[in-house]
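Peer 1: Please see the structure below; I have some questions.
The values are calculated or read from the model by the stated rules, or taken from the named source; none is laboratory data. Since the structure is predicted, the reported quantities are computational estimates derived from the model, not experimental observations. All Cβ positions, even for glycine, are placed from backbone atoms using ideal geometry, and neighbour counts span all protein chains on display. What goes into the accessible areas is simple: the full protein's heavy atoms, side chains included, and nothing from ligands, DNA or RNA. Shrake-Rupley method; radii C 1.70, N 1.55, O 1.52, S 1.80 Å.
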Amino acid sequence: MAQVLKEEIRERILSAALQEFYDKGYRATAMRSIAKQAMIPTGLIYSYYQSKEALFDAVLSPVRYDWERVLTAGDKDGARHTDSEIYGLSKAEADCILNLFEHRKEFIILIDKSEGTKYEHERERFIRDVEAHLQKHRDDARYDEVFFHIIANNFVDGLMQIMYHYRGKEWAVRILYQLSKMYLSGIGL
């Protein structure tokens, strides 16, 4: 029975922290606000998480990816079909993005609300990895490096817009398919 209560408290803390970080960002979120929303004393949070940073790590755990590894995993599975669930993406890339849809708030926090943390440059890292991946797979050498940076940046911005305006998985996949097709078929990938 005590273990069940501990897990319930842990889940309440994580749920409250997710909402607070989503609403306010990392810097403006206070542990006492998380505790209030979780309906527990502030000190009890520290029985589960050593610090605000540790709690932030726990909240983001479903969406912390090695983007380069995910992108290169697609090279290994070899599937870049124009008729796949998400245009031009490998199974590994599509699976990753589908997981991100399931954890939209966490991903939005990671990309847009993590200022003041070790993740504050995650958006730029994600863009760089997408950019490098696009350059590696280009069919046409005539494109300038800046062009690929623009495409990668716009793709990540588009993905974030899908996250913010999410209307369900089917809708998100359809919009991402259209976005991917527009970008990737236009540059010959």
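Peer 1: So in region 144-189, with the set limited to residues that are outside any helix (DSSP H, G or I) and touching a Lys or Arg at 6+ places or on another chain (Cβ under 9 Å), which one is modelled with the lowest pLDDT? Lay out the reasoning, then the answer.
Peer 2: From region 144-189, those outside any helix (DSSP H, G or I) are 144, 165-168, 187-189; that's our starting set.
Remaining after also requiring touching a Lys or Arg at 6+ places or on another chain (Cβ under 9 Å): 166, 187-189.
On the way: Y166: 97, I187: 58, G188: 55, L189: 51.
Residue satisfying both the conditions and the ranking: L189.
Peer 1: Can you tell me how many residues in region 34-49 are open to solvent by 50 Å² or more (accessible area, probe 1.4 Å) and not in a helix (DSSP H, G or I)?
Peer 2: So the answer is 2.
Peer 1: Right, next: As an exercise: evaluate V146 against (1) without any contact (Cβ under 8 Å) to a residue 40 or more places away in the chain; (2) surrounded by 13 or more Cβ atoms within 10 Å (Cβ to Cβ); (3) hydrophobic (A, V, I, L, M, F, W, C) and give the number of the one condition it does not meet.
Peer 2: (2)
Peer 1: Could you check region 8-30 and list, in sequence order, the residues that are farther than 23 Å from H121 by Cα and without any contact (Cβ under 8 Å) to a residue 40 or more places away in the chain?
Peer 2: Once the filter is applied, which keeps residues that are farther than 23 Å from H121 by Cα and without any contact (Cβ under 8 Å) to a residue 40 or more places away in the chain, region 8-30 yields E8, I9, R10, E11, R12, S15, A16.
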